[in-house]
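Remarks on the structure that follows.
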Amino acid sequence: MLDTLGIALIGCGTVGGGVAEILLRHGDRLASRAGRPLALRRIVVRDPSKVRDPIIPKELISTDHAAAIHDPSVHVVVELIGGTTTAKKVVLDALSAGKHVVTANKALLADAGHEIFEAARKAQRAVCFEAAVAGGVPIIRALGESLAANQVTAIQGILNGTSNFILTAMAEQGMTYAAALAEAQKLGYAEADPTLDVDGSDAAHKLAVLAQIAFGVAARPHEIQRNGIDTLDAMDIRFADELGYTIKLLAEAWTGEVEGERGRQGEGESKSGRRVALHVAPVLLRHTDLLAQVRGAYNAILVHGDIVGETLYQGPGAGRGPTASSVVADLIDIAVGRAQCTFAAAQLWSKANKGFEIEPAERVRSRFYLRLLVADKPGVLADVTRILADEQISISSMVQHEAAESGGSPVPLVIVTHYAETGRFKAALAKINRLASAAAPAVFFSMGD
Ligand code: NAP
Ligand code: HSE
């Protein structure tokens with residue numbers, strides 16, 4: 001058997017605690033899969049006085065990053081503290097000390113991928129990150145290895161477990177947004193700052209990572225247009241249901257090669273084919289759609305490849321066990337030596353990698369759900385339909401419930417459009433919002449069919 005692989009765990013919270021538990025409880029299983037023992041040598045935390053799982057040996061715990069990184073018996077540093085400041089320093093220090101790195105930190109990869117991966121190539125060490133996207137779902141390996149013969153043409157994913165948990169609880173149990181978020185936090189799904197989950201940032205970070213693998217695009221987080229579920233009104237969940245749809249937070253990547261009408265790039269200046277539009281937003285999916293049926297903290301990703309067609313990956317997208325399972329799989333890959341080969345071949349975040357360019361999401365075509373709060377008086381509907389017609393947007397259906405003696409108070413009006421280019425739809429939206437009869441800014445979502 002080969003020498004023991006020594007591991008330092010930097011961060012021992014939800015995910016780190018799960019990794020420690022697997023390493024300590026399943027040593028024999030891991031050694032037989034890796035062909036060598038995996039030994040947890042050091043654990044670094046912020047507060048060593050915190051009460052932790054009794055399985056974690058107290059003598060391994062410290063607050064000393066440098067001592068853990070430079071310990072000669074440590075070969076891999078596992079960064080599980082989150083954030084982009086200390087975490088970045090830990091990762092770069094570990095690489096320059098000649099250690100391999102495993103991380104679940106999608107914010108860090110999206111923010112500093114170039115720097116980290118250049119440092120890794122220089123140090124001839126691997127950076128593994130299966131746990132950074134979709135928790136326990138092996139999407140990084142699927143995209144980077146199993147689908148390597150394909151050019152991916154589109155990705156549609158539920159990539160944030162917390163948001164999906166909240167949407168499911170609101171739609172199925174009528175839970176309030178605040179109560180559902182508190183429950184997601186209690187279950188260990190949410191980020192330390194849950195704003196990242198609910199405003200679409202976490203899904204955007206994960207989309208940036210997937211886009212790097214699938215399209216060689218180095219999208220900075222601010223280049224991915226995003227809307228989250230933090231401003232979602234329960235009224236829209238009810239209207240969507242009435243129309244036969246479920247609202248899901250989707251992260252989507254569309255190239256010019258998509259098969260259906262949705263996601264197709266609109267008319268206008270034709271650019272080179274190697275362009276991809278990236279965005280994160282709530283989308284209305286038909287109840288029967290595969291992604292509509294993904295519930296709770298589960299994630300799912302549809303990947304369209306030019307040779308394979310459509311493939312679907314699904315599983316628990318957040319939480320201790322699923323995420324730790326992916327981290328430990330990376331450790332086994334390093335122990336076997338597989339990760340070092342695939343890492344060197346992948347050329348991720350490399351300047352040598354001439355990837356796709358980013359297409360503005362404005363050119364992507366979709367149908368739209370538009371919900372207005374308007375004064376209940378003659379001419380309002382005519383004003384709205386005229387504005388849509390001026391932008392060449394035709395209406396597919398409309399819902400307005402009979403107002404119960406509204407006494408002039410605004411009423412919701414829901415319009416579903418036929419396919420339109422996002423930019424034109426937004427131009428119409430801006431005009432509708434300027435109508436004197438508009439009592440509140442219009443709410444809109446893309447439709448998934
Ligand atoms: P967490 O429960 O908040 O744990 C963070 C850990 O890092 C804690 O042990 C904390 O120490 C330690 N820590 C914080 N700052 C530190 C510092 N400056 N030096 C040393 N240790 C420090 O976070 P988590 O949920 O495990 O998430 C960790 C990472 O995994 C994040 O990047 C997150 O995005 C990612 N991730 C999480 C999930 C999930 O479901 N939770 C899934 C996929 C990816 P104390 O214990 O002393 O406070
Ligand atoms: N906070 C993240 C989520 C954890 O809810 O999806 C998994 O990356």
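The values are calculated or read from the model by the stated rules, or taken from the named source; none is laboratory data. This structure is a prediction, so every number in the text was calculated from the model and none was measured. With ideal geometry, Cβ positions are generated from the backbone for all residues, glycine too; neighbour counts draw on all protein chains shown. Surface accessibility is based on the protein's heavy atoms, side chains included, excluding ligands, DNA and RNA. Shrake-Rupley method; radii C 1.70, N 1.55, O 1.52, S 1.80 Å.
What's the number of the only condition in (1) open to solvent by 70 Å² or more (accessible area, probe 1.4 Å); (2) part of a loop (DSSP other than H, G, I, E, B) that Val74 fails to meet?
Exception for Val74: condition (1).
Being within 16 Å of ligand 2 (Cβ to nearest atom), outside the structural domain of Ala219 (by TED's automatic domain parsing), among the basic types (Lys, Arg) and open to solvent by 20 Å² or more (accessible area, probe 1.4 Å) narrows it down to one residue among Lys88, Lys122, Lys106; which is it?
Lys106
Only one of Lys426, Lys354, Lys377 is touching an Asp or Glu at 6+ places or on another chain (Cβ under 9 Å), in contact (Cβ under 8 Å) with a residue 40 or more places away in the chain and of a type in the set (D, E, K, R); which?
After ruling out the rest, the residue left standing is Lys426.
Residue under question is Val133, and the condition is that it be under 26 Å from Tyr298 (Cα atoms), in contact (Cβ under 8 Å) with a residue 60 or more places away in the chain and more than 11 Å from ligand 1 (Cβ to nearest atom); does it hold?
No, not satisfied.
Does the range 130-152 hold any residues that are in a helix (DSSP H, G or I) and not β-branched (Val, Ile, Thr), and which are they?
Of everything in the range 130-152, those that are in a helix (DSSP H, G or I) and not β-branched (Val, Ile, Thr) turn out to be Glu130, Ala131, Ala132, Arg141, Ala142, Leu143, Gly144, Glu145, Ser146.
How many residues are open to solvent by 20 Å² or more (accessible area, probe 1.4 Å) and touching a strand residue (DSSP E or B) at 6+ places or on another chain (Cβ under 7 Å) if we restrict to the range 39-67?
11
It is to be established whether one or more residues within the range 57-75 are closer than 15 Å to Ala324 by Cα and in contact (Cβ under 8 Å) with a residue 24 or more places away in the chain.
The answer is no, given that none of the residues of the range 57-75 is closer than 15 Å to Ala324 by Cα and in contact (Cβ under 8 Å) with a residue 24 or more places away in the chain.
Looking at the range 218-228, is at least one residue open to solvent by 10 Å² or more (accessible area, probe 1.4 Å), in a loop (DSSP other than H, G, I, E, B), modelled with pLDDT under 95 and more than 16 Å from ligand 1 (Cβ to nearest atom)?
For the range 218-228, residues open to solvent by 10 Å² or more (accessible area, probe 1.4 Å), in a loop (DSSP other than H, G, I, E, B), modelled with pLDDT under 95 and more than 16 Å from ligand 1 (Cβ to nearest atom): present.
Taking the range 125-142, which residues are away from ligand 2 (no atom under 16 Å from the Cβ) and open to solvent by less than 20 Å² (accessible area, probe 1.4 Å)?
Residues satisfying the conditions are Ala126, Val127, Ala142.
Return the pair list, or none, for Cβ contacts closer than 9 Å from residues in the range 310-323 that are on the phi < 0 side of the Ramachandran plot and of a type in the set (Phe, Trp, Tyr) to residues that are more than 9 Å from ligand 1 (Cβ to nearest atom) and assigned to a strand (DSSP E or B), at least 6 apart or on different chains.
Between residues of the range 310-323 that are on the phi < 0 side of the Ramachandran plot and of a type in the set (Phe, Trp, Tyr) and residues that are more than 9 Å from ligand 1 (Cβ to nearest atom) and assigned to a strand (DSSP E or B), the close pairs are Tyr313/Gly157; Tyr313/Asn299; Tyr313/Ala300; Tyr313/Ile301; Tyr313/Leu302; Tyr313/Val303.
For the range 67-77, does any single residue satisfy the condition of being within 9 Å of ligand 1 (Cβ to nearest atom) and hydrophobic (A, V, I, L, M, F, W, C)?
no
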